[in-house]
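The values are calculated or read from the model by the stated rules, or taken from the named source; none is laboratory data. In this text the structure is predicted, and so the values were computed from the model without any measurement. Glycine gets a Cβ as well: all are built from the backbone with ideal geometry, and neighbour counts include every protein chain shown. Ligands, DNA and RNA are excluded from the accessible area calculation, which covers all protein heavy atoms including side chains. Shrake-Rupley method; radii C 1.70, N 1.55, O 1.52, S 1.80 Å.
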Protein chains: 2
Amino acid sequence: MSNVQSLERALTILNKLSEYPDGIQITRLSEQVGLTKGTLHRLLATLASMNYVVKDEETDKYKLGLQVLFLSRNLLNNSNIVTIAKPFLEKLSQEVNETVHLCIEDRGEVIYIDKIESTQTIRMYSRIGSRAPMYCTAVGKILLSGMEQNKFDELVSSFEFIPKTPTTIISKEEFLQEIERVKSQGYALDNAENEAVLMCIAAPIYDHKGKIIASFSISGPNNRVTIDVINSTLIEKMNQYSLAISRNLGYTGS
Amino acid sequence: MSNVQSLERALTILNKLSEYPDGIQITRLSEQVGLTKGTLHRLLATLASMNYVVKDEETDKYKLGLQVLFLSRNLLNNSNIVTIAKPFLEKLSQEVNETVHLCIEDRGEVIYIDKIESTQTIRMYSRIGSRAPMYCTAVGKILLSGMEQNKFDELVSSFEFIPKTPTTIISKEEFLQEIERVKSQGYALDNAENEAVLMCIAAPIYDHKGKIIASFSISGPNNRVTIDVINSTLIEKMNQYSLAISRNLGYTGS
DNA sequence: AAACAGTGTTCCATTATATGATACGATATA
DNA sequence: TATATCGTATCATATAATGGAACACTGTTT
């Protein structure tokens, strides 16, 4: 069954506009989405009439409208995970003074659903709503480690192990070993695999059935989040918070 | 010039779905948006293929997908207002232990662009992205008070002064007097006008040109946020924070 | 001042797309 | 077994959406 072409085009436009928070002009946008200016103009006019897009009259740039924010107002706030985890993650961030994230899996990627910033001036740049690959993030490895085998196999088969940094794992065999390691040790590390210099340690959040439904992480530059700090402090702390958050979601295991 | 019909329909579907965080079934949604099930199904399939909508296979309910969150990731984070105001609003919330909001005007309504929760168990229920009327909210009155006369007249003319509570101002004349009062005193009150029991006090945030670009507020139930507390403590505090935040946005006035 | 270049916007003949009505498949209930 | 209701698929047809071209506007160059 085919899709509705003009709707597909419009959603492609919205996706592209999300890359340009300061807006983009019609001719350039037309090039990027492969539509004639007439068609693009008509689609933008419709999006604008419903506040999905706004046009800056001074610069002729189009950008996303606040209706997108309005749509998203209930997307996370009804989520048990965000609500229950937040106070714990705030406390954790305060204790370690690093940025803490909460992530779930969506369509084979991790998506950031909460973020607690530290007070450090050098910190991980991230956005609620942003997505990242699973194969080179600590939270991604945690989420994969709790996945049902069929889905796990299907996803890993679809991964392109593109090197992001010199330390990215790009061998499927090595990656599968890493996931076994994560399963046995109960936490995962991102050894600057996704972004240079940036270390992360992640742990699982279980639901009442013992299923991994989310993951949270501590992130910081590798001069602060060192292997020593990880081994002496962070592993124990992540285990403690993993259990505390999971308990509040009805988890009864150990 | 007319809009693109199928796109308009799809955006209407997205708007309606945002009211059902737990999802809605096709037949019911078809009734609500006035589309045949065939047309609706085709549009939903397209939305789903691009992750704007997901279908819960167990309940046959459709709901918004996380692509909406992905779109919104840059909507506020690039905003100077949110970034600069946040540490001040966190401090304010901590000092008064009530919920604090940051709002802007968008298309004749206020929209919540940040929220700092207090630790109280009884607190205002609100969502980033949510919208509220301008005529019965403290932040709305602040934003109106700084508006250019033409736009002000146009907006106020369009208001329907629907009573939300027994204390809602529903007379246009009385409302105009209220706005004059806000201008002279430099803060606005919502005397449980939008929601019963809920008191709010709001103050302006100025940009470098002295224009009111946002408003922030303290909200709490009227047994905690009393007229005494407002007069003895909150007015002075709001003035102080209004100036502090505005200074950081380049404001040089008094 | 005139010519040129590039942008955003509008128009219209054409055709490909989206539609509504209907049928089908699945599930639950009597 | 028959019926009711839901979600999904199909298809003939009408119309909506399209691409290309023209137009209006603005800025730059000669």
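Some values worked out for this structure:
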quantity: Directionally averaged shadow of the range A:33-117, computed from the convex hull of its alpha-carbon atoms, nm²; calculated: 8.7 nm²
quantity: Residues whose placed amide H lies under 5 Å from that of residue B:35, excluding near-sequence neighbours; calculated: none
quantity: Gyration tensor verdict on the range B:166-237 (Cα atoms; rounded if a/c is under 1.5, prolate if a/b is larger than b/c, oblate otherwise); calculated: oblate
quantity: Highest-fluctuation residue, B:133, B:166, B:204 considered, GNM on chain B with Cα pairs under 10 Å; calculated: B:166
quantity: Cα pair distances of the range B:208-254 binned at 5 Å [whole percent]; calculated: 5, 18, 27, 18, 13, 11, 7, 1
quantity: Cα convex hull of the range A:80-247 - mean projected area over all directions, nm²; calculated: 9.0 nm²
quantity: 1.4 Å probe, heavy atoms, protein only - residues of the range A:55-76 losing at least 10 Å² accessible area vs chain alone; calculated: A:64, A:66, A:67, A:68, A:69, A:70, A:71, A:72, A:73, A:74, A:75, A:76
quantity: Cα shape, the protein assembly as shown, gyration tensor, a/c 1.5 rule; calculated: oblate
quantity: Computed Kirkwood radius, in angstrom, where 1/r is averaged over Cα pairs of the range A:93-163; calculated: 13.2 Å
quantity: Formal net charge of residues neighbouring residue B:119 (Cβ-Cβ distance under 15 Å; K, R +1; D, E -1); calculated: +1
quantity: Contour minus Cα-Cα distance for residue A:39 and residue A:167 (0.36 nm per residue); calculated: 41.6 nm
quantity: Rg/Rh (Cα only; Kirkwood hydrodynamic radius) as it applies to the range B:5-70; calculated: 0.91
quantity: Helix-derived mean residue ellipticity, 222 nm - over chain A, DSSP H n ≥ 4, -39500 (n - 2.57), to 500; calculated: -12500 deg cm²/dmol
quantity: Residue pairs, from the table B:211/B:237; A:86/B:37; A:209/B:63; B:63/B:91, whose Cα atoms sit over 29 Å apart; calculated: A:86/B:37; B:63/B:91
quantity: Nonlocal amide H pairs with residue A:106, under 5 Å, H built at 1.01 Å; calculated: A:111
